[in-house]
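First comes the structure, then the notes that go with it.
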């Protein structure tokens, strides 16, 4: 089968398209013919290397996988060949000590993959492979962070940093579904125009202005109810400052740096809550698929690439050209 392989840490020159043997499913496994695979920044971290993220090579990237059942092991249960499915990429069943496809195990940037039958979710009628392949890592993370952990409510104000990426766009869409007012922060006027078209109530160019001061002014110095910060680094303390009394800071990552400084006076004076969120659970994916099926949610896809152009797809993700998700279809 055709396979996209990372041969070692580095840049895109370490990514190659190769022929690999077709995978053979074990007794409790199912062979899935990959029809769509969504990319995430996790794929870039696997490529570049990151402290605390040990990876063995060669590694097939790509965690968000949708396809159809091609073969079934004798102990894999009653799922039928030809069934369209989404694969839950979290393989251990424990989001704290998780093993994720494309990171710890080979992922879906290939033509076929063998996985445990228990990780398959049959696609509801009307859900396309490409829409399904947007969901687990970006939309699943956003849903858990905002709904399960953050408990965002109608009428609240929500500030989203990095709003044009996969997780950011998912947060914007979910916030609007919940009835919140959204302040979207991104790095270019072109991206902000797209975010306004997706429903953002206010947009802020974080490369040209102090987003914290801008939100403070837009809220008439009342501050925001919620800020979603998965960047960390030097955006952390400005995020704390823009929150109102009893505000919540939601965090699921640190793309700009893990070590941050916090002025604790803001926490006790405004009684601010900082809530971490990690990964997703199976029920989150079931809810998201149901919302896509009944048209309440339509994942935003920036561009679809064929498998042999996966390196270009990863370059678009690396260069932050996308608004929404990048999908690769073998």
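What follows draws every value from the coordinates through simple rules; no lab data is involved. Just so it is clear, the structure is predicted and the values come from calculations on it, not from any experiment. Cβ: placed from backbone, ideal geometry, glycine included. Neighbour counts: every protein chain shown.
Would you mind telling me which numbered condition in (1) without any contact (Cβ under 8 Å) to a residue 40 or more places away in the chain; (2) more than 30 Å from residue 246 (Cβ to Cβ) residue 185 fails? Result: residue 185 fails condition (2) only.
Exactly one residue among 21, 74, 25, 54 is over 24 Å from residue 165 (Cβ atoms) and either in contact (Cβ under 8 Å) with a residue 60 or more places away in the chain or not in a loop (DSSP other than H, G, I, E, B) (or both), and that residue is 25.
Taking first residues from region 195-217 that are loosely packed, with under 14 Cβ neighbours inside 10 Å and partners that are in a loop (DSSP other than H, G, I, E, B), the Cβ contacts under 6 Å between residues at least 6 apart in sequence or on separate chains come to 207/187.
Here region 128-149 is the region considered, the condition is being assigned to a loop (DSSP other than H, G, I, E, B) and touching a helix residue (DSSP H, G or I) at 6+ places or on another chain (Cβ under 9 Å), and the residue that is nearest to residue 281 (Cα to Cα) is 134.
Scanning region 259-283 for residues that are surrounded by 13 or more Cβ atoms within 10 Å (Cβ to Cβ) and within 21 Å of residue 163 (Cα to Cα) turns up 260, 274, 275, 277, 278, 279, 280. Only one residue in 115, 147, 158, 167 is in contact (Cβ under 8 Å) with a residue 24 or more places away in the chain, closer than 29 Å to residue 272 by Cα, over 14 Å from the mean Cα position of the chain (by Cα) and surrounded by 21 or more Cβ atoms within 10 Å (Cβ to Cβ). Which one? Residue meeting the stated conditions: 158. Per the listing 125, 153, 222, the residue uniquely surrounded by fewer than 22 Cβ atoms within 10 Å (Cβ to Cβ) and either touching a strand residue (DSSP E or B) at 6+ places or on another chain (Cβ under 7 Å) or not in a loop (DSSP other than H, G, I, E, B) (or both) is 222. Please work out which residue is surrounded by the fewest Cβ atoms within 10 Å (Cβ to Cβ), limiting yourself to region 32-46 and to residues that are outside any helix (DSSP H, G or I) and out of contact with any helix residue (DSSP H, G or I) (no Cβ under 9 Å at 6 or more places or on another chain). Of everything passing the filter in region 32-46, 33 is surrounded by the fewest Cβ atoms within 10 Å (Cβ to Cβ). One residue is enough: does region 301-320 have a residue meeting the conditions assigned to a loop (DSSP other than H, G, I, E, B) and crowded, with 19+ Cβ neighbours inside 10 Å? The answer is no; no qualifying residue exists.
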